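The values are calculated or read from the model by the stated rules, or taken from the named source; none is laboratory data. Because the structure is a prediction, the values reported are computed rather than measured. Note that we place each Cβ from the backbone using ideal geometry, even for glycine, and neighbour counts take in every protein chain shown.
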C-alpha cells in the first residue's frame with residue numbers, strides 16, 4: 001500500500017506543510033491537495049511539482065477530491081477560518097466547527113480508515129470534533145496540539161542556555177491556546193532541572209513569550225505557517241516510519257472525555273499511549289484549568 005497523504009485546506013498552514021513535505025526526506029509516495037479554490041490548488045500543485053527535480057524525496061503531487069481519501073494513510077486537515085489580529089484561537093470555534101462537519105462527512109463517505117491529522121484552531125476542540133464526527137478509534141485522530149508550542153519553548157531555551165534545542169527535555173502541555181502552560185518541574189537538560197539554568201523570573205518571561213508567540217507573529221505578518229508545517233511533517237514521519245517517538249500532540253483523554261495535549265507515543269497506528277507527567281500541585285491546577293477551558297468550548301457547540 002502506498003504512503004498516500006490527502007491534505008484538505010491549501011491556505012498558509014496547509015501549503016507550509018506541503019512545502020515542508022517536498023523539502024524533507026519523507027516516506028510519502030503521493031500527496032493529494034483538496035481546496036474549495038480550484039484555481040489556487042491547481043497553481044499550488046504546479047508550483048510544488050516544479051520543486052521535485054531538487055527534492056530529497058520523490059513525491060507525486062496532484063489535485064484531488066474526497067474520493068482520494070479512500071486509500072490514504074493520513075488525511076491532514078488544515079482547512080478553516082484564519083485567526084485574525086486580536087482574535088483568540090477559541091474565537092474561531094463557531095466558524096470552523098461548521099466547516100469540519102462537512103469535511104468529515106465527505107472523508108467518511110470515501111471509506112477512509114486511516115489517521116486524521118488536525119491542524120485547525122481551536123486545535124483541541126477541532127480534534128475532538130474530528131473524533132466525534134468521524135467515529136474513528138481514539139488513537140487514529142491526532143491534533144498537532146502543543147507540538148509547535150514545545151518547539152517554540154525549546155528554541156527559546158536553547159537561545160538562553162546555549163544548549164542544542166534537541167537536547168532539551170521540556171514540554172508545553174494542556175490546551176493549544178491561552179491556558180497552555182510549561183510544567184517547569186519536569187523540564188531538564190541532561191537530567192538537570194531547568195531551574196539550575198534559569199531564574200523564576202526568566203521562566204515566567206519565557207512562558208509568556210511562548211504563549212503569546214502566535215499573536216506576535218500574526219500581528220507582524222498576518223498568519224503563522226512555517227512552524228506548524230514542520231511540526232505536521234514531524235508527526236507524519238512518526239506515523240509513516242513507525243518511529244514511536246514522543247510528541248506533545250492533542251489526543252483523546254478517556255478520563256476527561258476531551259482531546260488535550262500531553263506527551264504521547266506516536267507511531268504507525270497513531271497515538272500508542274499518553275505519557276502522564278509527574279506534576280506538582282500548581283501544575284495540576286493549571287492542567288485542570290486547561291481541561292475546563294476545553295470542556296466549556298466543546299459545550300458551546302454540542
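Which one of these does residue 256 not meet: (1) in a loop (DSSP other than H, G, I, E, B); (2) within 21 Å of residue 154 (Cβ to Cβ)?
Every condition holds for residue 256 apart from (2).
Answer with yes or no whether residue 225 is touching a residue at least 60 places away in the same chain (Cβ under 8 Å) and either surrounded by 14 or more Cβ atoms within 10 Å (Cβ to Cβ) or closer than 27 Å to residue 138 by Cβ (or both).
Criteria met by residue 225.
Residues in the range 251-268: is at least one at negative phi, surrounded by 21 or more Cβ atoms within 10 Å (Cβ to Cβ) and free of Cβ contacts under 8 Å to residues at least 24 places away in the same chain?
Within the range 251-268, one or more residues are at negative phi, surrounded by 21 or more Cβ atoms within 10 Å (Cβ to Cβ) and free of Cβ contacts under 8 Å to residues at least 24 places away in the same chain.
Hey, can you tell me all the residues within the range 153-166 that are surrounded by fewer than 24 Cβ atoms within 10 Å (Cβ to Cβ) and closer than 19 Å to residue 235 by Cα?
Matches in the range 153-166: 154, 155, 165, 166.
Check residue 157 against each of (1) in the same structural domain as residue 211 (by TED's automatic domain parsing); (2) closer than 30 Å to residue 92 by Cα; (3) assigned to a helix (DSSP H, G or I) and name the one condition it does not meet.
Evaluating residue 157 over (1) in the same structural domain as residue 211 (by TED's automatic domain parsing); (2) closer than 30 Å to residue 92 by Cα; (3) assigned to a helix (DSSP H, G or I) leaves (2) as the failure.
Considering only residues that are loosely packed, with under 14 Cβ neighbours inside 10 Å and within 20 Å of the chain's Cα centre (by Cα), which ones fall in the range 274-302?
Of everything in the range 274-302, those that are loosely packed, with under 14 Cβ neighbours inside 10 Å and within 20 Å of the chain's Cα centre (by Cα) turn out to be 275, 276.
Every residue, every condition in (1) more than 17 Å from residue 93 (Cβ to Cβ); (2) part of a helix (DSSP H, G or I), yes or no:
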| position | (1), (2) |
| --- | --- |
| 260 | no, no |
| 265 | yes, no |
| 272 | yes, no |
| 279 | yes, no |
| 282 | yes, yes |
| 286 | yes, yes |
| 290 | no, yes |
| 298 | no, yes |
